[in-house]
Amino acid sequence: MNKLILIIKREFIAKVRNKSFIVMTFLSPLLFVGIGVFVGYLSQMKADLKTIAIHDETGRFVNEFKSTKEYKYVNLSSVDLKILKDSIVRKSYEGLLVIPKTTDNVLLQKNIQYISNDSPSVTFIGDIEEVVSKKLTAENFQKEGLDTLKINKAKAEVSINLEKASGEASLKGLNEIKIGIGGIFGYLIMMFIIIYGNMVMRSVIEEKTSRIIEVIISSVKPFQLMMGKIIGTSLAGVLQFLIWAILGLSAMFVLSSVFGVQLGSTSSVQTQQVMQTAQHAMGSDIQMYIKELWNLPIATILISFIIYFIGGYFLYSSFYASIGAAVDNETDSQQFLLPIIMPLILGVYIGFFTVMNDPNGTIATVFSMIPLTSPIVMMMRIPFGVPMWQIAISMTILFASFLGVVWFASKIYRIGILMYGKKPTWKELYKWLKY
């Protein structure tokens, strides 16, 4: 036990004192904020104005197309069609909409063309089709002697009010918000498992290639060395999380203090007016959304995130450590990494495409119990409300699987750590497991 603690301490200090660890710990939050600001800036940038030429031989549709910030429609119905097509080739216009001359609406709706050098977006073509469809539909109503005003007036727009069994009003889009919250935590677990798992694998490869491992292995058991690396690296990851949490809370405290000082400098009457204006500006729906978010099992989400991060990291790091011991360089490790990463990716897809539609269904429940996918799928299910006994069973299976996997991984680690100059295969790893 003393040797294991020494190894954990050594690995933890080595990771924490690493310059890249220190730099990324404080630089990563700034990078995330910078990326968010940059994406927001890009989203506000105006797209290039595209000019669309319209050759409407009927003269019935050209006025129906209204220019927007992205598209400018130009009526060139009087220009010869061949000249317009040549203009498209010369890229004078983004595209050309050709509406042939015919009095038969059925024939017309099948012969409208859009000519361009580049493939147009589905949204743009859909908008054009909608404009033409509305015009043709209105004309068809008139031909049949139908009153379009009465028809439009008779149209019904249904808005279903959602309500819980307790009688409280519910809101639309809550499932999307919940899967978004769960998806963020699940994606973070996946990313950090991959990042810290690779750190464990590189550490093993470096010690193996430098032959330091031959000295270390003479005084400690391979199992102790592997466990020390896994636990030491995980503690470094937890420390990094704590630093980010402290920085985030400190930033929120500073911002709230600055906001409070600004409010304090105004008179009490002005403060009340500001608060009243804000309350009126915030609709009842927004207040209900905020209330629903506070009703989420926040404590369960945060505690489960930490436990699933540690459990998932322990489980996958056992694989990474055994792979690092089996190979001599990172290039040889690529053939073994794909089967490890695939369950993580599968968990993300299962979460987004299954949990949102049926969070308590058979598929979501089963994959939230399978240890290779449970850290991600269960984190996506928890915001929807999961019985505590299911979470407890899932966590128990996860940590029990870790003990089983680490026992098998230690066999590969024990043999592979002293193997040099031979590129291992899956068949070789299977033989090592049988020794």
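Tell me yes or no: at least one residue of the range 219-227 is surrounded by fewer than 13 Cβ atoms within 10 Å (Cβ to Cβ), hydroxyl-bearing (Ser, Thr, Tyr), modelled with pLDDT of 65 or more and not in a helix (DSSP H, G or I).
The initial filter retains those residues of the range 219-227 that are surrounded by fewer than 13 Cβ atoms within 10 Å (Cβ to Cβ), namely 219.
Now drop any that are not hydroxyl-bearing (Ser, Thr, Tyr), which leaves 219.
Keeping just the survivors that are modelled with pLDDT of 65 or more gives 219.
Pick out the ones that are also not in a helix (DSSP H, G or I) and you get 219.
Within the range 219-227 (the criterion being surrounded by fewer than 13 Cβ atoms within 10 Å (Cβ to Cβ), hydroxyl-bearing (Ser, Thr, Tyr), modelled with pLDDT of 65 or more and not in a helix (DSSP H, G or I)), the answer is yes, since at least one residue qualifies.
Yes/no matrix, rows are residues, columns are (1) more than 30 Å from VAL204 (Cα to Cα); (2) at pLDDT below 80; (3) basic (Lys, Arg):
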site	(1), (2), (3)
ILE290	yes, yes, no
GLY311	no, no, no
GLU330	no, yes, no
PRO343	no, no, no
ILE350	yes, no, no
Which of (1) loosely packed, with under 13 Cβ neighbours inside 10 Å; (2) touching a His at 6+ places or on another chain (Cβ under 7 Å) is the odd one out, the single condition LEU96 does not satisfy?
-> (1)
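Being in contact (Cβ under 8 Å) with a residue 12 or more places away in the chain, in contact with a helix residue (DSSP H, G or I) (Cβ under 8 Å, 6 or more places away or on another chain) and open to solvent by less than 30 Å² (accessible area, probe 1.4 Å) is the requirement here; does VAL16 meet it?
no
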Is there a residue in the range 29-50 that is surrounded by 14 or more Cβ atoms within 10 Å (Cβ to Cβ) and either in a strand (DSSP E or B) or more than 23 Å from the chain's Cα centre (by Cα) (or both)?
-> yes
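For residues that are hydrophobic (A, V, I, L, M, F, W, C) and in contact (Cβ under 8 Å) with a residue 40 or more places away in the chain, tally how many sit in the range 95-127.
Step one: filter the range 95-127 for residues hydrophobic (A, V, I, L, M, F, W, C), giving 96-99, 106-108, 112, 115, 122, 124-125.
The next check asks that each one be in contact (Cβ under 8 Å) with a residue 40 or more places away in the chain; those that pass are 96-99, 108, 124.
So the answer is 6.
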Can you confirm whether the range 93-105 contains a residue that is in a helix (DSSP H, G or I) and over 12 Å from GLU57 (Cα atoms)?
-> yes
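Only one of ILE301, ILE246 is modelled with pLDDT of 75 or more, open to solvent by 70 Å² or more (accessible area, probe 1.4 Å) and of a type in the set (A, V, I, L, M, F, W, C); which? Walk me through it before giving the result.
Values: ILE301 fails: open to solvent by 70 Å² or more (accessible area, probe 1.4 Å).
Sole residue among the options that is modelled with pLDDT of 75 or more, open to solvent by 70 Å² or more (accessible area, probe 1.4 Å) and of a type in the set (A, V, I, L, M, F, W, C): ILE246.
Find the helices (runs of 4 or more DSSP H) located wholly in the range 328-402 whose residues include 1 or more that are in contact with a Phe, Trp or Tyr (Cβ under 9 Å, 6 or more places away or on another chain), aromatic (Phe, Trp, Tyr) and farther than 15 Å from THR300 by Cα, and list them.
Numbers: elements: 330-350, 362-367, 374-381.
Ranges flagged: 330-350.
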Residues LYS134, LYS72: which one is of a type in the set (D, E, K, R), within 45 Å of the chain's Cα centre (by Cα) and in a strand (DSSP E or B)?
-> LYS72
Select from the range 364-383 the residues that are open to solvent by less than 10 Å² (accessible area, probe 1.4 Å), over 18 Å from PHE192 (Cβ atoms) and not hydrophobic (A, V, I, L, M, F, W, C) and list them in ascending order.
-> SER368, ARG381, PRO383
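The values are calculated or read from the model by the stated rules, or taken from the named source; none is laboratory data. Only a predicted model underlies this, so the values are computations on that prediction, with no experimental measurement involved. Methodologically, a virtual Cβ is constructed for each residue, glycine included, from the backbone with ideal geometry; neighbour enumeration extends over all protein chains shown. Side chains included, ligands, DNA and RNA excluded: accessible areas come from the protein's heavy atoms. Shrake-Rupley method; radii C 1.70, N 1.55, O 1.52, S 1.80 Å.
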